[in-house]
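Asks: Quick one: this structure, given as C-alpha cells, is what I'll be asking you about.
The values are calculated or read from the model by the stated rules, or taken from the named source; none is laboratory data. Bear in mind the structure is a predicted one, so any value in this text is a computation, not a measurement. Heads up, the Cβs are rebuilt from the backbone with ideal geometry, glycines too, and the neighbour counts pull from every protein chain shown. Heavy atoms of the whole protein, side chains included, go into the accessibility calculation; ligands, DNA and RNA do not. Shrake-Rupley method; radii C 1.70, N 1.55, O 1.52, S 1.80 Å.
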Amino acid sequence: MTMTDDNGTTAAAAGAHAATSGAAAWTGTGVPASPATIDPEIWPGVAQPPSGAKALVAGKAAGLLFKGAVKRLPIRVVYPDGTILGIGGADAPVLTMIRPDAFEARIGDNGLIGLGESFMAGDWEASDLAGVLEVFAASVDTLIPMPLQKLRTLYLPRTPRQERNAEQNTRSNISRHYDLSNDLFSNFLDTTMSYSSALFPAEAGHLATVGFEGLAAAQQAKIDRLLDRAGVGAGTRLLEIGTGWGELALRAAARGATVYSVTLSSEQQALAQDRIAAAGYADQVTVALQDYRAVEGEFDAVVSVEMIEAVGYEYWPIYFQTIDRVLAPGGKVAIQAITMPHGRMLATRNAYTWVHKYIFPGGFLPSVRAIESVTQKHTTLRVRERMGMGDHYAATLRLWEERFMARSQEVGELGFDPVFQRMWLFYLCYSRAGFQSGYLDVQQVVLDRREAQL
C-alpha cells in the first residue's frame with residue numbers, strides 16, 4: 001500500500017516526516033500513543049477535528065446518539081469527569097475518552113470514519129481495542145436509530161470516482177495497500193508471508209490461545225486445502241489470481257503444477273519472484289504484473305485467495321466471467337473470500353468507510369448469496385462446496401495484532417509514525433472484531449461446471 005490521505009499525501013511521505021518525530025510513546029496498554037502534535041500535511045483528516053458552527057451542532061447531536069447507544073451496550077465508556085456509561089461489568093471492555101469534544105466532532109462530521117480517525121488522533125483509548133470494537137460490531141444494526149440510518153446516505157461521503165476498480169484505477173488501489181513496504185508486512189506476518197486467514201488444525205488447541213509458532217503451518221494447511229479442492233497436482237495448469245508473496249505458487253509448484261500468477265503489486269511481485277527462484281521453481285512459475293481481466297489462455301484450475309474483496313461490487317460479474325473464460329473443460333475453481341451477511345452487503349454497497357479511506361480503496365466484501373447469484377446469472381460456474389472458518393481468521397488477526405504491537409520499534413525504524421501505527425492497529429482490531437462478533441466470515445468456496453454439462 002502507498003497509503004493516501006485526502007490530499008494525496010502518501011504514507012511513505014508520512015514515514016519520511018516521522019523520522020524527525022522520534023520513537024513512538026506508549027499508552028501503557030500496548031498501544032502506541034499519538035504524538036502531541038500531528039502534521040496536517042501528512043494526516044489532514046486526523047490533525048485537527050472539524051470546527052465551526054456546523055461541526056459543533058453535528059458533534060453535539062452525534063454525542064447524544066453515541067451516549068444513548070452505549071448506555072445499553074456491554075461496555076464501559078469512561079469520561080474525563082468520571083462519568084461511566086454502559087451496562088458492562090468489571091470484565092467488560094473499557095473505552096476511555098481523552099478528548100470527548102473532538103471525538104464527537106469527528107463522528108458528527110464523518111460517522112464511522114470519524115471513529116477511526118479519532119482513535120488515530122488519540123481522542124480515545126482502549127486497553128482491549130478489539131473487544132471495544134467487537135461490542136460495536138455486534139450491535140451495528142441498532143447503534144443508529146432506523147430513521148437516521150435511512151437518512152445517513154444523504155450526508156455521508158461517497159466513494160471517489162478514482163477509487164472505483166475500473167482497469168485504469170485498480171493498479172493504484174492495490175498499490176496503496178500492498179506496495180507500502182515488504183518490510184512492514186514481514187514484521188507481523190509469519191515466514192510464509194501469507195496475508196489471509198490461516199486454517200488451524202484441531203490439535204492446535206483452542207483458537208483463542210493458539211500461538212504464533214503454529215501460524216506458518218496453519219497457513220500452509222489453508223493453502224493445501226484449496227489446492228486439494230481445486231485438484232492441483234503434477235501437470236496441472238494453474239492460474240492464481242492475486243499472488244500475495246508467493247507461498248501458494250510455491251506449494252503448487254512443489255506438487256508439479258505449472259503456475260501463472262497475476263498481481264498488481266510490484267513489491268509483491270519482486271519478493272514472490274525472489275522466493276520462487278530461491279526454491280528452484282522459476283521454470284514452473286510465472287508471476288505477471290497484470291490485471292486479472294487481461295489473462296489469456298486455458299487453465300485446469302483457478303485459485304484465488306482473498307482477492308475478490310478488492311474487485312468491487314460492480315465488477316464481480318467480470319471477475320467470475322474471466323475465470324469461466326479461461327477454465328478448461330472439467331476444471332475446478334477454489335477461492336477464499338471474506339464475506340458479510342447479504343442484507344448488510346446490500347445496505348452498504350455504496351458506502352465509503354474508514355477502511356476505504358485509509359486501508360483498502362475500492363474494496364468491498366461479498367456475501368455467499370452474492371457469489372452464488374453472480375455465478376449463476378453470469379457464468380456456467382456453480383458453487384459446489386463451501387466451508388466457513390471465521391473463528392480461524394479471528395485467531396490469525398489476533399496473532400498479527402500481537403506481533404505488530406511487539407514490533408512497534410522496528411516498524412517505527414522503517415519510518416512509520418505513531419499515527420500510522422495506531423491506524424494499522426485499528427485496522428487489525430477492527431477486522432478481528434468483525435470475525436469475533438460473527439458480523440464477518442471467511443469462506444473457502446469450490447466451483448465447477450457440472451450443472452452446465454447436464
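Asks: In this structure, does residue 162 turn out to be modelled with pLDDT under 95 and open to solvent by 20 Å² or more (accessible area, probe 1.4 Å)?
Replies: Yes: the conditions hold for residue 162.
Asks: Here are the criteria: (1) in contact with a strand residue (DSSP E or B) (Cβ under 9 Å, 6 or more places away or on another chain); (2) of a type outside the set (A, V, I, L, M); (3) under 24 Å from residue 425 (Cβ atoms); (4) surrounded by fewer than 22 Cβ atoms within 10 Å (Cβ to Cβ). Tell me which single one residue 119 does not satisfy.
Replies: Condition (4) is where residue 119 drops out.
Asks: Before we move on, is residue 265 within 16 Å of residue 304 (Cα to Cα), in contact with a helix residue (DSSP H, G or I) (Cβ under 7 Å, 6 or more places away or on another chain) and modelled with pLDDT under 95?
Replies: Yes: the conditions hold for residue 265.
Asks: Now for a different question. Looking for whichever is in contact with a Gly (Cβ under 6 Å, 6 or more places away or on another chain), touching a residue at least 12 places away in the same chain (Cβ under 8 Å) and farther than 20 Å from residue 200 by Cα here; the options are 426, 435. Which one fits?
Replies: Only one candidate passes the filter, namely 426.
Asks: Just give me the residues in region 43-84 being of a type outside the set (Val, Ile, Thr) and touching a strand residue (DSSP E or B) at 6+ places or on another chain (Cβ under 8 Å), in sequence order.
Replies: Passing the criteria: 67, 71, 76, 79, 80.
Asks: Let me ask something else. So which residues in region 271-286 are open to solvent by 10 Å² or more (accessible area, probe 1.4 Å) and in contact (Cβ under 8 Å) with a residue 12 or more places away in the chain, if there are any at all?
Replies: 271, 273, 275, 279, 281, 284, 285, 286
Asks: Next up: Of all the residues that make up region 241-253, how many are surrounded by 24 or more Cβ atoms within 10 Å (Cβ to Cβ), on the phi < 0 side of the Ramachandran plot and not β-branched (Val, Ile, Thr)?
Replies: 5
Asks: Taking residue 238 and the conditions (1) surrounded by fewer than 22 Cβ atoms within 10 Å (Cβ to Cβ); (2) not in a loop (DSSP other than H, G, I, E, B), which numbered condition does it fall short on, given that it satisfies the others?
Replies: Condition (1) is where residue 238 drops out.
Asks: Ok, one more. Based on what the data block shows, is residue 410 open to solvent by 20 Å² or more (accessible area, probe 1.4 Å) and not in a helix (DSSP H, G or I)?
Replies: Taking the combined requirement at face value, the residue does not satisfy it.
Asks: Then there's this: From the list 250, 289, 264, pick out the single residue that is over 18 Å from residue 192 (Cα atoms) and without any contact (Cβ under 8 Å) to a residue 60 or more places away in the chain.
Replies: Selected residue: 289, the only one of 250, 289, 264 that is over 18 Å from residue 192 (Cα atoms) and without any contact (Cβ under 8 Å) to a residue 60 or more places away in the chain.
Asks: Right, another one. Report, ordered by the first and then the second residue, all pairs with beta carbons closer than 6 Å, sequence separation of six or more or different chains, a first member in region 297-310 that is polar (S, T, N, Q), and a second member that is in a strand (DSSP E or B) and modelled with pLDDT of 95 or more.
Replies: So the pair list comes out as 304/241; 304/335.
Asks: Restricting the search to region 254-270, which residues are open to solvent by 50 Å² or more (accessible area, probe 1.4 Å), under 20 Å from residue 302 (Cα atoms) and outside any loop (DSSP other than H, G, I, E, B)?
Replies: Correct list: 254, 258, 260.
Asks: So which helices (runs of 4 or more DSSP H) are wholly in region 314-389 and hold at least 3 residues that are open to solvent by 30 Å² or more (accessible area, probe 1.4 Å)?
Replies: Output list reads 316-326, 342-348, 368-378.
Asks: Say we look at region 334-390 and pick out the residues that are small (Gly, Ala, Ser) and closer than 30 Å to residue 237 by Cβ; which of these is nearest to the chain's Cα centre (by Cα)?
Replies: 363
Asks: Turning to a different aspect of this structure: Whether any residue in region 434-445 is modelled with pLDDT under 95 and farther than 30 Å from residue 343 by Cα is what I want to check.
Replies: No, region 434-445 contains no residue that is modelled with pLDDT under 95 and farther than 30 Å from residue 343 by Cα.
Asks: Which number in (1) under 19 Å from residue 180 (Cα atoms); (2) open to solvent by 10 Å² or more (accessible area, probe 1.4 Å); (3) not in a helix (DSSP H, G or I) marks the one condition that residue 309 misses?
Replies: Only one criterion in (1) under 19 Å from residue 180 (Cα atoms); (2) open to solvent by 10 Å² or more (accessible area, probe 1.4 Å); (3) not in a helix (DSSP H, G or I) is unmet by residue 309, namely (3).
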